[in-house]
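Taking it in order: structure first as structure tokens, then the write-up.
Where a number appears in this text, it was derived from the coordinates with a stated rule and is not lab data. Please read all numbers here as calculations on a predicted model, not as lab measurements. Here the Cβ positions follow ideal geometry from the backbone for every residue, glycine too, while neighbour counts run over all protein chains shown.
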Amino acid sequence: MRFLESIRVWIGLELGSGAGGGAVMESDDVRRSFYNGAMGILMRVQFLAVLVAAIAWGQPGAKAVRCDDVTRLDFKNLVVRTAGLSFAFHNGFALNSDDPLAEKVDEEKPDWKAEIETDKVIRPAPGVVVRLLVIHDVHQTGSGRRYYATGLRCVAGKLEEVFQRSGASLGIDRLDAKEIGIGLNVTPGKPVRKHWTYVWNPATARYAISATYSTLK
């Protein structure tokens, strides 16, 4: 957008210049002809900007996954988006950088390296098929790790997330057609672990909390 605004300013300056350039345009026809030509250039620039954006959107890292049968998707070679992050898996691993503006990740020494630890198909209701993934993301250039649990299903040809939880201490307590059980250490320094039970909600077509409880670690 800033680029297009610069073009518009440039056109305005050109239309208003003349005295400084040594050749004053006094003819309305010449001025109109120049304006039409300049606007034509602007329209071409706008078209190219849209085209570039469309090409960028079509790159593998941003391309939407066509989803007709979630059980057949090869998530070890797809982009999985969850918790506001993107994991571009290739041969089972996804590499990321600490720098959110980095255009390329150092494959030899990435800041983060993730892999799918759990991959299970569950059927919480008739005609509903969900693929539950647990992604383990490890900080290679520092300390720390995090787990991401995401439930995915196909809806009208698109991949849709219907469940998500994440945390450094996340664990799966239960995973079957009836419910998804998640456990997390929510109070640092205390031997207490909190648990959440999620069940399928037909009204929202997503998982919803049905119960919570705590246990001693």
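Residue pairs whose Cβ atoms lie under 6 Å apart, separated by 6 or more positions or on different chains, with the first residue in the stretch 164-177 and closer than 11 Å to Val134 by Cα and the second surrounded by 15 or more Cβ atoms within 10 Å (Cβ to Cβ) and not hydrophobic (A, V, I, L, M, F, W, C), are Gln164/Thr82; Gln164/Thr150; Ser166/Tyr148; Leu170/Tyr147; Gly171/Gly183.
To keep it simple, each residue is scored yes or no on (1) surrounded by 12 or more Cβ atoms within 10 Å (Cβ to Cβ); (2) of a type in the set (A, V, I, L, M, F, W, C); (3) closer than 29 Å to Ala203 by Cβ.
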site: Asp69; (1), (2), (3): no, no, yes
site: Arg81; (1), (2), (3): yes, no, yes
site: Ile116; (1), (2), (3): yes, yes, no
site: Gly142; (1), (2), (3): no, no, no
site: Arg145; (1), (2), (3): yes, no, no
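Please count how many residues of the stretch 147-174 are surrounded by 13 or more Cβ atoms within 10 Å (Cβ to Cβ) and either of a type in the set (Lys, Arg) or more than 22 Å from Ala94 (Cβ to Cβ) (or both). So the answer is 4. Do we find a residue being farther than 24 Å from Val79 by Cα, polar (S, T, N, Q) and assigned to a strand (DSSP E or B) anywhere in the stretch 165-172? Looking for residues that are farther than 24 Å from Val79 by Cα, polar (S, T, N, Q) and assigned to a strand (DSSP E or B), one finds none in the stretch 165-172, hence no. Remark: pairs (first residue in the stretch 188-201, within 10 Å of Tyr213 (Cβ to Cβ); second residue assigned to a loop (DSSP other than H, G, I, E, B) and of a type in the set (Val, Ile, Thr); Cβ separation under 7 Å; 6+ apart in sequence or on different chains) = Lys194/Val186.
Suppose we filter the stretch 126-159 for residues that are part of a strand (DSSP E or B) and either touching a residue at least 40 places away in the same chain (Cβ under 8 Å) or closer than 19 Å to Thr212 by Cβ (or both); how many remain?
Matching residues across the stretch 126-159 total 19.
Exactly one residue out of Leu216, Leu184 is of a type in the set (A, V, I, L, M) and touching a Ser or Thr at 6+ places or on another chain (Cβ under 6 Å), and it is Leu184.
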